[in-house]
Structure formats: C-alpha cells, structure tokens
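J.: Here it is: the structure, laid out below.
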Amino acid sequence: MADQFQTFNNQIPVKPKAWYQNYSKAYLWLLVIVASFIFGFFFGQNNIENQDTDQIITKTSDTLASIFANNPDIDTKLFQEVWDELHSQYIDKSKIDDGQLYYGAIYGMVAAIDDPHTTFMDPKVAQEFADDLKGEFSGIGAEIGRKNNMLIIIAALPGTPAEHAGLKNGDRILAIDSKDATELSADQAVSLIRGDKGTKVTLSVLSKGENTAKDVTITRDKISVPSVTYKQENDIAIVKISSFNDDTSTVFASVAKKILSQNPKGLIIDLRSNPGGYLDKAVDLAGYWLEPGQVVVREEFADKSQNLEHKAATGTSLRKFKTVVLVNEGSASASEILAGALQDYNIAELVGQKTYGKGSVQKLIPLRSDSALKITVAKWLTPLGRSIEPDGITPDQVVEFTLEDYNGDRDPQMDKAIELIAN
C-alpha cells in the first residue's frame, strides 16, 4: 500500500519533518501513506455528514460528461485510451491492478488542487484515519525511537503485548521478522511492527548489559492510547496532550479535577509534536482558562456570511494556576488553536519553537465504497485575528531542542517552563 501511493506523496508540498518528530510517539502516528498523515494534520470539524453515500455522490457519469463537453481542453476519451494502452502494452501485466489504477486516478485528481490538507482516502486509509482519531491501532504497544544512532524501545506501554513479552526501556531492536532494522527510521520500524490483531511479529532485541541478542515473538493486539497523560513533579502539574481525539475532553476533565485537588504551584501543558485533531476538543480545553463566551478561534469561509466564532463554555477552573505551554514545529492545527488563544489573552506563556502553521479547516466527507474525501473548507484565525497558516505561532520564549539534547536525555524546553513557574 505504501509503495502504491509513493508518487502521489511526492507531489504534495509539505514542510520537512524536524528530526525530533522521528522519535516521538512513533507507535501512534504511523500513517505514512498520505503525507498529511505523517504530520497528523487532522480535520478540524467533528461534523461528518450522516448521509446515505448514494446521496453524497450527486455527479453521475452523464453529468461529468456534460461538464467535460463544455471544456474544449478536456478529451474524455483520453482516460480510456491510457487505460487500454496500459493493459495492452505494459511489460508486466501482473503488476496491473484495476483497483489501484482506479484509486490512483482519484488520488491524482485531488492532488492536482495542490493543497496538502485536501486528500482522498481509499477505504483502508479512511479506516486507519478513523482509528487513529479514536486513539486506537493494532500493534504491540511500544514507543520506538532512534537514539545515539540506535533503534530502541523508548517505553513499553502498561498492559500491552510489548510489556507482557518482557520488552524494556533501552532494548535495541536489531531485526524485525528477520529484516535488518539497525538503519531503519522509527517510522519505518513501526510500519513493519504494526499489523492486524492476532498476527505475530518477531523482534531481535539486545538488552542493556547483554552480549547476545534474543528473538521475541509477540502477538499483535488492539492498542488504545489516551490522548492526555498527567504527572506531577516538584509541585508542578505536567499535562501532555498528544492529540485532540475522541477521548480528549473526557480524560482532560478527569485530569483537571486532580490538578484542582492537588493545587500545584503551576501547570505545564505540553503540546509538542501534537498534530491536532477535532476542533471542538481544542475549544473545550481552552474553556478551562478562558471566560465563558470568550472567542477561542475564528473560522473564516470563502462565503463571509458563513464565518463562525467558536467560544469558550467550560469555565475558568484552571485560570488561577500559572500556566506555561510547550510547542514546537510538530505542534499543528488544534494545538495551535489552543496555544494561540491562551497567548492572545495573555493567560499562558508559550515556550519552545515556532509551530507548524496549519490553520485551515478540513471537512471529512464519506463517499461510496467506504472511501472518504478530506477537503479544505475554511481557515482559522486566533481571537485577535492572527492567521495561523502558513507562519505558525511564535513562542514568547524561543528555546531550541537539539539532537544533542535528545541523545543526552536533556530537555531545555521543559527546563525553561519549570524555571518560569518556579520564578
């Protein structure tokens, strides 16, 4: 599947991925098929139309033929001619798959718009997309990264097949199903390890302090990863939001109760490498700091009469805590909405690096045959009218996070956030 759409991915103009994005939460953000999935630029509205798919597709072949007939530059017979020549002339007929040709044509049509966030999804990709927004995937439940030029287990998630198999932090992965893995990126390794529930994968691992590698065979299972995690260190609450998924509002509400009961001296919201997600989840979370009725984000359409203001409604239960928000080049979409709102109202100080700059709104349209179209319909502005795309949001305190910091187990951005709260 990945090879099938390689050419399509190369046509999409996307910003290069920062080195650290190869190391963080690779077990979750795996969708390398579509370029927008690599960076996780998820659609911004939780408003998928509940329509019959036959009603969604209104353009019949006759309608399309009439449209093309009015354009002298389009020869509708060209498609059939190319199709026929491929089937009759191509040297290796076994490589011709009519389904791939069909979906490839649709991918190419959508890609011609030259918008990296407007993409067609075949049924498999559409299902993976929906699963990731639920925080679910099938795999072994291990966080994988490259550190000091080695592919290692960063963490085995509690209760997952990886933990049950005895994988430990720092284990080196030398091979995956007998394939040499020493030079693989984290994304490439995850693409090999991830698979259908009930299937097996064998890792050759070398643990710390051992001289001989061992083969560990693990049965894949459904993995659920919460989008919000919480810990407290030195009387500072640290909340990591990895994405804005189905569970984000519910989990964050529980975390907020813990923070209020523990009454820390400050709060750090870590949005680094958070690719975004549902718009309404970002609006929900902003409400914990904003006053009810304050604008969280403005949505601007081509038809100005459709413009919307999304306003806070949750309440200000966390506003009393000094808050620092961590961002980087991997913070996009809904992450930028939350960070931008807190910055506009001078509620929180932003620390880290300039965000990605994904300020457009996508709508997911179900199509026949369980496929889908993710299409850009609007753009986002912060409460003060700042455009998020393409420049992103600049932190109040710009702090670099280098490869040397990562390999040395240092986090100068987190250190700065703690310093700001302590002072």
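J.: Kindly indicate whether Leu101 is aliphatic (A, V, I, L, M) and not assigned by TED's automatic domain parsing to the domain that holds Thr219.
T.: The answer is yes for Leu101.
J.: Can you name the condition, by its number, that Glu300 falls short on among (1) touching a Lys or Arg at 6+ places or on another chain (Cβ under 6 Å); (2) under 27 Å from Pro412 (Cα atoms)?
T.: So Glu300 meets the others, but not (2).
J.: Those residues that are surrounded by 13 or more Cβ atoms within 10 Å (Cβ to Cβ) and either of a type outside the set (A, V, I, L, M) or assigned to a loop (DSSP other than H, G, I, E, B) (or both), I need them from the stretch 395-406; list them, please.
T.: Pro395, Asp396, Gln397, Val399, Phe401, Asp405, Tyr406
J.: May I pose another question? If you check Ser305, Ser249, Ser273, which single one turns out to be under 23 Å from Ala130 (Cβ atoms), at pLDDT below 95 and among the small types (Gly, Ala, Ser)?
T.: Exactly one residue qualifies, and that residue is Ser273.
J.: Report, by residue number, each residue of the stretch 301-318 that is under 20 Å from Tyr345 (Cβ atoms), in contact with a strand residue (DSSP E or B) (Cβ under 7 Å, 6 or more places away or on another chain) and not small (Gly, Ala, Ser).
T.: Across the stretch 301-318, the qualifying residues are Leu308, Glu309, His310, Lys311, Leu318.
J.: In addition: Report the residue count in the stretch 167-204 for those that are assigned to a strand (DSSP E or B) and either polar (S, T, N, Q) or not assigned by TED's automatic domain parsing to the domain that holds Ile144 (or both).
T.: Summing the residues that are assigned to a strand (DSSP E or B) and either polar (S, T, N, Q) or not assigned by TED's automatic domain parsing to the domain that holds Ile144 (or both) in the stretch 167-204 gives 2.
J.: Residue by residue through the stretch 166-202, note down the ones that are over 25 Å from the mean Cα position of the chain (by Cα), of a type in the set (A, V, I, L, M) and closer than 14 Å to Glu143 by Cα.
T.: Correct list: Leu167 only.
J.: Looking only at the stretch 205-216, which residues are over 29 Å from the mean Cα position of the chain (by Cα) and either surrounded by 13 or more Cβ atoms within 10 Å (Cβ to Cβ) or assigned to a strand (DSSP E or B) (or both)?
T.: Hits for the stretch 205-216 are Leu206, Ser207, Ala213, Lys214, Asp215, Val216.
J.: Please pick out the residue among Arg220, Arg272 that is under 25 Å from Thr394 (Cβ atoms) and among the charged types (D, E, K, R).
T.: Of the residues listed, the single one that is under 25 Å from Thr394 (Cβ atoms) and among the charged types (D, E, K, R) is Arg272.
J.: I would also like to ask the following. If we scan the stretch 201-222, do we find a residue that is touching a residue at least 12 places away in the same chain (Cβ under 8 Å), among the hydrophobic types (A, V, I, L, M, F, W, C), in contact with a strand residue (DSSP E or B) (Cβ under 9 Å, 6 or more places away or on another chain) and closer than 27 Å to Lys281 by Cβ?
T.: No, every residue in the stretch 201-222 fails to be touching a residue at least 12 places away in the same chain (Cβ under 8 Å), among the hydrophobic types (A, V, I, L, M, F, W, C), in contact with a strand residue (DSSP E or B) (Cβ under 9 Å, 6 or more places away or on another chain) and closer than 27 Å to Lys281 by Cβ.
J.: Just to verify a result, which residue in the stretch 342-360, among those that are β-branched (Val, Ile, Thr) and out of contact with any Asp or Glu (no Cβ under 6 Å at 6 or more places or on another chain), is surrounded by the fewest Cβ atoms within 10 Å (Cβ to Cβ)?
T.: Ile347
J.: Select from the stretch 373-386 the residues that are surrounded by 14 or more Cβ atoms within 10 Å (Cβ to Cβ) and not hydrophobic (A, V, I, L, M, F, W, C) and write down the one among them that is nearest to Ala126 (Cα to Cα).
T.: Ranking the candidates gives Lys374 first.
J.: Restricting attention to the stretch 205-226, which residues are of a type outside the set (Lys, Arg) and either assigned by TED's automatic domain parsing to the domain that holds Lys322 or under 14 Å from Thr160 (Cβ atoms) (or both)?
T.: Those that are of a type outside the set (Lys, Arg) and either assigned by TED's automatic domain parsing to the domain that holds Lys322 or under 14 Å from Thr160 (Cβ atoms) (or both): Val216, Ile218, Thr219, Asp221, Ile223, Ser224, Val225, Pro226.
Residue-by-condition table, conditions (1) in a helix (DSSP H, G or I); (2) surrounded by 10 or more Cβ atoms within 10 Å (Cβ to Cβ); (3) modelled with pLDDT of 50 or more:
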residue	(1), (2), (3)
Asn47	no, yes, no
Ala65	yes, yes, yes
Asp73	no, no, yes
Glu85	yes, yes, yes
Ser88	yes, no, yes
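J.: Using beta carbons and a limit of 6 Å, which pairs, at least six apart or on different chains, have the first residue in the stretch 238-254 and assigned by TED's automatic domain parsing to the domain that holds Gly330 and under 20 Å from Met414 (Cα atoms) and the second one buried (at least 20 other Cβ atoms within 10 Å of the Cβ) and charged (D, E, K, R)?
T.: If the second residue must be buried (at least 20 other Cβ atoms within 10 Å of the Cβ) and charged (D, E, K, R), the pairs left are Lys240/Asp270; Ser242/Lys25.
J.: Please determine, by comparing only the residues of the stretch 158-173 that are over 15 Å from Ser204 (Cα atoms) and crowded, with 17+ Cβ neighbours inside 10 Å, which one is modelled with the lowest pLDDT.
T.: Step by step, filter the stretch 158-173, then rank; the result is Thr160.
The values are calculated or read from the model by the stated rules, or taken from the named source; none is laboratory data. Being a predicted model, the structure only gives us computed values, none of them experimental. Don't worry about glycine lacking a Cβ; one is built from the backbone with ideal geometry, like all the others, and counts go over all protein chains shown.
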